[in-house]
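Colleague: Got a structure here, written out as structure tokens. Questions coming.
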Amino acid sequence: MSTNTINYNGATVSPQQVELVQESFIKVVPIASTAAEIFYNKLFEIDPELRALFTGDMRSQGRKLMSMIGAAVNGLNNIGTLLPIVQDLGRRHVEYGVKDEQYNTVATALLFTLETGLGADWNAELKDAWTAVYVLLSSVMIDAAHGLEN
Ligand code: HEM
């Protein structure tokens, strides 16, 4: 259980939002491979140039993405442990050739995936909660990419 609001450089996630995100992600786990497929289809539809950044097998990439999102979502209860993991992830993304502005594209594709995957369970409150979590994670990744660790 997380009891405090998470604050990182202006990005805030309330305990209720942590709970909403964790509960909804449980419903995504059984459809993770479909979700990953929806995600990459949407991502490459929005920006076809991103395809060139991915050199490996997309099924295994999809599994890594979903398991990292799962680890991050569960790690929100223990932000001190999560932070260095997400910072390392951000630094690796520099090597993958990822640019700051591409985090917005990923946000759009991720929200679309959750909306599609969760169907009738999706609502405005969940959208706000997932947006808050994504802003937090991407801020940590982008800061670490620039050598700024808070
Ligand atoms: C919260 C945001 C993100 C998460 C959780 C995430 C997660 C991951 C994970 C787990 C990997 C596997 C390799 C590793 O662990 O280093 C990976 C690789 C990768 N990600 Fe991300 N990522 C995020 C944002 C982005 C963004 C914004 C882009 C931009 C397009 C991106 C593009 C890539 C690429 C190109 C690779 C390497 C693929 C390859 O090796 O062929 N990611 N990501």
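The values are calculated or read from the model by the stated rules, or taken from the named source; none is laboratory data. What you see is a predicted model, and the numbers here were worked out from it, not measured in a lab. Positions of Cβ are generated from backbone atoms using ideal geometry, with glycine treated the same way; all protein chains shown enter the neighbour counts.
Colleague: Look at Val106 and say whether it is closer than 24 Å to Thr5 by Cα and within 12 Å of the ligand (Cβ to nearest atom).
Modeller: Spelling it out, it is not the case that Val106 is closer than 24 Å to Thr5 by Cα and within 12 Å of the ligand (Cβ to nearest atom).
Colleague: On to the next question. Looking at Ile38 and the list (1) part of a helix (DSSP H, G or I); (2) free of Cβ contacts under 8 Å to residues at least 24 places away in the same chain, which single condition is not satisfied?
Modeller: (2)
Colleague: I would also like to ask the following. Given the conditions (1) part of a helix (DSSP H, G or I); (2) modelled with pLDDT of 95 or more; (3) near the ligand (Cβ under 9 Å from one of its atoms), and given that Val98 satisfies all but one, which numbered condition is not satisfied?
Modeller: So Val98 meets the others, but not (1).
Colleague: What number of residues within the stretch 1-24 satisfy the criterion of being exposed (fewer than 13 other Cβ atoms within 10 Å of the Cβ), assigned to a strand (DSSP E or B) and among the β-branched types (Val, Ile, Thr)?
Modeller: So the answer is 0.
Colleague: Go through the stretch 60-79 and give me each residue that's farther than 18 Å from Leu114 by Cα and more than 10 Å from the ligand (Cβ to nearest atom).
Modeller: Selection gives Gly75, Leu76, Asn77, Asn78, Ile79.
Colleague: Looking at the stretch 48-56, is at least one residue touching a residue at least 24 places away in the same chain (Cβ under 8 Å), within 10 Å of the ligand (Cβ to nearest atom) and under 18 Å from Tyr134 (Cβ atoms)?
Modeller: Scanning the stretch 48-56 turns up at least one residue that is touching a residue at least 24 places away in the same chain (Cβ under 8 Å), within 10 Å of the ligand (Cβ to nearest atom) and under 18 Å from Tyr134 (Cβ atoms).
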